[in-house]
Structures are given as structure tokens and as C-alpha cells.
Ligand code: HEM
């Protein structure tokens, strides 16, 4: 019943929350665009999580969600006020269905969720976020930037994971970006950022951020990490989806594998293969690595790259034996996973992860980051960047 009147329920929920607790508004992003999106996110997550209380994976997810909420400056007392506003919104939208039993069930369900999140926040030994100084900023054309950051405290992560990022230039807004390198002795991390039209944080990161700026990083997350099984490996990357694949390749190069590794790098044209010199170096120095670049024929539409990738994949074969790691924009990942399934790849061995929630606007749903995200239409990042050129130091 509530879903059918979701928009009304969401507006009611936030109006109720901010009217009764004006201070809570300050936790949320300033811009109304971001706030609109947040309306979908928080409320969708709340209702969706409640409907999955029996799911085994829910406990660990809520634990991490609670830990991560500390970076939004959420305090324990906020959980009660959010709960009251949620119940008020549900009561308002459910009509006659809001019986004493329904109210009791929702109250208990919300309490379970809040307790699990609070326990996660409480148990975490991590800081709420890591301050990290920008030490280098490479620009590739107008819309791709690679930022090297030095976290002020050790920042744990595995190659292939992503982190959430916030900048004082766009206060209270957090977006996720993949980390483009395996852990280094000096602790620095590279973020590959593709600028999204109307994306205020990605624009600030690519065009305005300078060495010396300090960004905030949230705890690393994501499941696109290397399984060192005794099986051959295929890595498939498109756009800045190359970042986690690059981190995994660095890890492989550090401990060369016994099995062959096939790497497919997809871009809208040659100019968009922004890391090609490095990939070429890997290709020539690592005997176990076979590199295939996929771009559309000159002058052809970028979508041709996906067709060409399908052809290249079908020419290679042996898919049932492969562990496949797939990274790129949501549509690309969906399509490629479908092609791989048709070619015999086993779905359980095709690994992909939530696309960094760096984009704005609307589009097809991406890879799930968590339960809340299953609900949402994730926007499609512009993995095709019309103006990327050689890197320039900022
Ligand atoms: C108790 C159940 C709750 C659930 C299931 C929940 C779920 C979520 C989810 C899934 C996100 C998006 C995460 C991300 O983008 O990284 C989010 C963001 C957020 N939540 Fe919660 N949340 C809960 C409680 C709260 C409470 C009590 C507050 C405090 C007022 C709060 C404040 C926020 C803020 C400020 C954001 C970020 C807004 C943004 O990035 O636009 N949440 N929440």
C-alpha cells in the first residue's frame, strides 16, 4: 500500500523528520537535487530492509551500514527520531491497513534494524572517515581525473574495492569511486573519477580539486576482489571501470599467477584508453597476460564497442573454465554478463560489484551495493568521455 503512494510517503517522512528535528536537516546534502535523490535512498532503504528481515545477509550489511553512517555524523539518538518519522509516514500512507498489529510489527522491525546498525557503529575500530591529502592530480581531457591521495592514517582495503569520497567543495555529499591501485608501501591511493554532467562532486574532483586539498574517505567496500583459485582468469573493463581491474592486475603482477590471464579493455575510442601506456607495458613484460583493446571502428558509434567486445569474447572460448572479473558502467556490465552466460561462463564465476554511486540523473539500475540499492534506479555514468586526451598535471 505504501509503495503505491511512495512519493507522498517519502515527502511526509522528511517533512516530519525535519519539522520535529530541525537540526537533523544539517546532516543531509545542501542541494535540492541531492536531497531529492536522498529521499529515494534513505526511505527506499528503510522500507526495503524491513521487508528482508529474514535474509541472512542482512546482519552483516546493517553492521557495515551503521559503521558507515558515522561519516554522515549520525549519532545514536538520531535513530529514534528517524524511527518515529518513519512510523508516522507509514501510518499516514497506509490508511485502514495501519492496525495496532501493523504498528507493532513495524516498530519491532525498525528497532531490530536500528539496533544492528548501532551495534555496527559501536563495534567498529575504524575512524568514521579517513582524511586524505591530494598529492597528485592527473587530468585526461575534460572529464577524467586520476587523483592520488595520501591518507593521514593507514587506510585498509583490498585490490578491487571502492571507497566513498567527500570534499569540502561540496559539503555533506558522498559518492563512491574505485581505488585504482594495489596497496603501496607509502599508503597512497589512486581514485579514477569520471565527471558526470550535473554531478557536483565528480565535477569538483576532476576540474577543481588541487594538490594540497584534503578529502574524506569512507571505509573501503565491495566484493570485486580477487579469488585466487586455480582457474584461468579473464578481466574485462570499460571506462573508469578500469580502476579496480588495474588494482587487481597490480596484485597479480606482484605474485605472478600460474594460470593465463586475459585482459579486455573497452573504450569509446582510442583517445579514451587513458591508461594504455601502462597496459602496454604490462602486456609486454608479463608472459602470462594477453591484452585485447576494444574500440569502435573509426567514426562509428560508441555502442559498436559492445558488439565488438561480444565478438572478441566469443572468439576466445573456454568460458566455463574462467573466473571472470567485470567492471564498468551498469549497462555495460549487464550486457556483458548476459553475453558471457550465452558463451557458457558460469554465473557463479562472473564477479562484478556495485558501480560507484558517483553519478547523477536517471538511468538503468546498476550493480547492487547493498539492499537499499536493489530498490533504486542507478544512473549510468558516462563511461564514454568525448574529450579525454593525454594526461595533464594539475
Ligand atoms: C535505521 C535505518 C537506516 C537505514 C536502513 C539507512 C540507510 C541508508 C542508506 C542505504 C544510505 C545510502 C548510503 C550511501 O550512499 O552510502 C543512507 C544514507 C544516509 N543516511 Fe541513513 N539509514 C538509516 C538511518 C539513518 C539515520 C538514523 C540517520 C540520521 C538522521 C541517517 C542519515 C543518513 C544520511 C545523512 C545519509 C547520506 C545522505 C546522502 O549521501 O545523500 N540514516 N542511509
ask   = How about the range 92-107: which of its residues are surrounded by fewer than 16 Cβ atoms within 10 Å (Cβ to Cβ) and more than 13 Å from residue 46 (Cα to Cα)?
value = 95, 96, 97, 99, 100, 101, 102, 103, 104, 105
query = residue 174 fails exactly one of the following numbered conditions: (1) over 23 Å from residue 29 (Cβ atoms); (2) in contact (Cβ under 8 Å) with a residue 60 or more places away in the chain. What is the number of that condition?
reply = (1)
query = Of 282, 293, 274, which residue is touching a residue at least 60 places away in the same chain (Cβ under 8 Å) and under 21 Å from residue 146 (Cβ atoms)?
reply = 274
query = With (1) in contact with a helix residue (DSSP H, G or I) (Cβ under 9 Å, 6 or more places away or on another chain); (2) at negative phi; (3) in contact (Cβ under 8 Å) with a residue 40 or more places away in the chain as the list, and residue 114 as the residue in question, which single condition is left unmet?
reply = (3)
request  = Kindly list the number of the only condition in (1) at pLDDT 90 or above; (2) in contact with a helix residue (DSSP H, G or I) (Cβ under 8 Å, 6 or more places away or on another chain); (3) closer than 17 Å to residue 174 by Cβ; (4) near the ligand (Cβ under 8 Å from one of its atoms) that fails for residue 17.
outcome  = (3)
task = Considering only the range 143-162, state which residues are out of contact with any helix residue (DSSP H, G or I) (no Cβ under 8 Å at 6 or more places or on another chain) and closer than 24 Å to residue 196 by Cα.
result = 146, 148, 149
task = Among the candidates 75, 41, single out the residue that is modelled with pLDDT under 90 and within 25 Å of the chain's Cα centre (by Cα).
result = 41
query = Looking at the range 266-289, which of its residues are part of a loop (DSSP other than H, G, I, E, B), at pLDDT 85 or above and in contact with a helix residue (DSSP H, G or I) (Cβ under 9 Å, 6 or more places away or on another chain)?
reply = 267, 273, 274, 275, 286, 288
ask   = Quick one: residue 98 ticks every box in (1) touching a residue at least 24 places away in the same chain (Cβ under 8 Å); (2) farther than 14 Å from residue 12 by Cα; (3) touching a helix residue (DSSP H, G or I) at 6+ places or on another chain (Cβ under 8 Å) bar one, so which box is it?
value = (1)
note = Checked against (1) touching a residue at least 12 places away in the same chain (Cβ under 8 Å); (2) surrounded by fewer than 13 Cβ atoms within 10 Å (Cβ to Cβ), residue 299 satisfies every condition except (1)
query = Quick check, is residue 157 touching a residue at least 40 places away in the same chain (Cβ under 8 Å) and not in a strand (DSSP E or B)?
reply = yes
message = Restricting to the range 309-330, count the residues that are assigned to a helix (DSSP H, G or I) and surrounded by fewer than 19 Cβ atoms within 10 Å (Cβ to Cβ).
response = 8
query = Quick one: is residue 147 closer than 30 Å to residue 269 by Cα, within 16 Å of the ligand (Cβ to nearest atom) and buried (at least 20 other Cβ atoms within 10 Å of the Cβ)?
reply = no
query = Out of the range 249-273, which residues are more than 18 Å from residue 312 (Cα to Cα) and crowded, with 24+ Cβ neighbours inside 10 Å?
reply = 249, 272
ask   = Restricting the range 160-172 to residues that are within 14 Å of the chain's Cα centre (by Cα) and assigned to a loop (DSSP other than H, G, I, E, B), which is farthest from the ligand (Cβ to nearest atom)?
value = 160
request  = Could you tell me which of the residues 49, 10, 24 is modelled with pLDDT of 75 or more and more than 10 Å from the ligand (Cβ to nearest atom)?
outcome  = 10
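The values are calculated or read from the model by the stated rules, or taken from the named source; none is laboratory data. No experiment lies behind these values; they were computed from the predicted model shown. Please note: Cβ atoms are built from the backbone with ideal geometry, for glycine as well, and neighbour counts cover all protein chains shown.
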